[in-house]
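What follows is a single structure, written as structure tokens, with notes after it.
The values are calculated or read from the model by the stated rules, or taken from the named source; none is laboratory data. Keep in mind it's a predicted model, so treat the numbers as computed, not measured. Cβ coordinates were reconstructed from backbone atoms using ideal geometry, including for glycine residues, and neighbour counts include every protein chain displayed.
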Amino acid sequence: MRKNLALALFCCLFTVAAQAEVQIDQSLLREARVSVRRGSNWLLDRQAENGAWSNEPSITALAMQALLHTDADSEEIQNAVARGREFILKSRRPDGAFVGSFQEYANYTTATSLSVLAMIDHPDDQEVMRKARRFLMELQLREEHAEVPTAPDSPFYGGIGYGSGGPTVPDLSNTQFALEALYLTEHLDRDTPQAEQARATWVRAISYLQSVQHVPEDAEAAWRPDPEQAPEYDGGFIYRPDQCRVREKLTREFEGQPISYGATTMGGLKSLLFAEVDKDDHRVQAAIDWLKRNYTLEENPVIGAEAHFYYLWTFAKAMQAYGQETLELADGQTRHWRSDLVRQLLEMQKSDGHWINEESGRYMESIPELTTAYALIAMQVALGD
């Protein structure tokens, strides 16, 4: 059974475990704790009078998530989160969505806002969260979709796009944000008339995830990627299913070519696991095999600096959900992913405590409030917080 409380999810995925502590050297752990304090203090200092970060509910929601990971019992953080919550709630629409400056990002803004409301779990927000869940599920392409009825044999079936006012063509990034929010709030539909709809959402989501993974449709349980025999089936994930598959190494000028890369593959892996696909399933293992061949935290594997912090965020969550402390890489190395991630984030942090992508500002990674939130969440997942 999927966990029935958001709190139970975070206890499972993001709490210190003795096994995890063993993997991180004590001196590195102490350095990381100092880093987290500096980063959270920087975020606290950047909160505006209206409770927002960057005056956007999506960035505000991610900053709040980062602070809640830091120390949810701190009075200063509780006050900051309370102010942020009030700002987010003011961004609600009657249809249940949350929107900021860009109406077309309704899915992204709703998913991030719903996720942090689930972490807060304020008793006054139960109906707010249910309406937001309904909005996200209604965005999923299916036979009954209001704007784009979609047949089950379509590669877009089960995916989620930007939302009302934005493109309806689903992509993996929007889908994985929505699925995480639905996962965190699934308890709200438990034993209700909407429970069947929620289950159907996950079944359709798996269909979409299969359409954006480089795995043969007829692959059997024992199938594993063999790049030498079938390079087009490398086990990784792409951004959208309407992009033909290519394999050439990409440059830093890469513009949307459909090749498996780090952030999409980790987002796809995380989503499969949230959809309760078994970790021994060939689709999960294919994504892990891709990571073993392309393992790095110094960049977003294959595409370089673009979306580097987004990659680190998805990597941390995917690996924690996968539940294995080490990876045996294709070249025979054994990597302790938690320690590797902590070291990478320490190296990238600025002296005043923030993080920013100095090589590529695409995907809003020139906004330090966003990249700092991504980094803090990734750091604390690595630490088990």
Right, Glu143: surrounded by fewer than 20 Cβ atoms within 10 Å (Cβ to Cβ) and modelled with pLDDT of 95 or more or not? yes
Ala118 vs. criteria farther than 16 Å from Phe274 by Cβ, among the small types (Gly, Ala, Ser) and touching a residue at least 60 places away in the same chain (Cβ under 8 Å): no
Only one residue in Ser271, Ser260 is within 28 Å of Leu370 (Cα to Cα), among the small types (Gly, Ala, Ser), at pLDDT below 95 and crowded, with 22+ Cβ neighbours inside 10 Å, so which one is that? Ser260
Return the residues of region 280-298 that are in a loop (DSSP other than H, G, I, E, B) and more than 17 Å from the chain's Cα centre (by Cα); say none if nothing qualifies. Asp280, Asp281, Tyr295, Thr296, Glu298
Checklist (1) in a helix (DSSP H, G or I); (2) touching a His at 6+ places or on another chain (Cβ under 7 Å) applied to Asp385, failing item: (1)
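Within region 358-373, how many residues are outside any helix (DSSP H, G or I) and either surrounded by 14 or more Cβ atoms within 10 Å (Cβ to Cβ) or without any contact (Cβ under 8 Å) to a residue 24 or more places away in the chain (or both)?
Final tally of qualifying residues: 6.
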Taking region 320-332 on its own, how many of its residues are over 24 Å from the mean Cα position of the chain (by Cα) and either surrounded by 11 or more Cβ atoms within 10 Å (Cβ to Cβ) or under 16 Å from Asp280 (Cβ atoms) (or both)? 1
Would you confirm whether any residue within region 213-228 is surrounded by 12 or more Cβ atoms within 10 Å (Cβ to Cβ), within 21 Å of the chain's Cα centre (by Cα), small (Gly, Ala, Ser) and modelled with pLDDT of 90 or more? no
If we scan region 349-357, do we find a residue that is touching a Leu at 6+ places or on another chain (Cβ under 7 Å), free of Cβ contacts under 8 Å to residues at least 60 places away in the same chain and either under 25 Å from Arg37 (Cβ atoms) or surrounded by fewer than 21 Cβ atoms within 10 Å (Cβ to Cβ) (or both)? no
Can you tell me how many residues in region 317-334 are part of a strand (DSSP E or B) and touching a residue at least 60 places away in the same chain (Cβ under 8 Å)? 1
Regarding His336, is this residue closer than 18 Å to Trp290 by Cα and touching a helix residue (DSSP H, G or I) at 6+ places or on another chain (Cβ under 9 Å)? no
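Residue-wise test of (1) buried (at least 24 other Cβ atoms within 10 Å of the Cβ); (2) in a helix (DSSP H, G or I); (3) at pLDDT below 95.
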site: Trp53; (1), (2), (3): yes, no, no
site: Ser58; (1), (2), (3): yes, yes, no
site: Ala66; (1), (2), (3): yes, yes, no
site: His69; (1), (2), (3): no, yes, yes
site: Asp73; (1), (2), (3): no, no, yes
site: Ile77; (1), (2), (3): no, yes, no
site: Ile88; (1), (2), (3): yes, yes, no
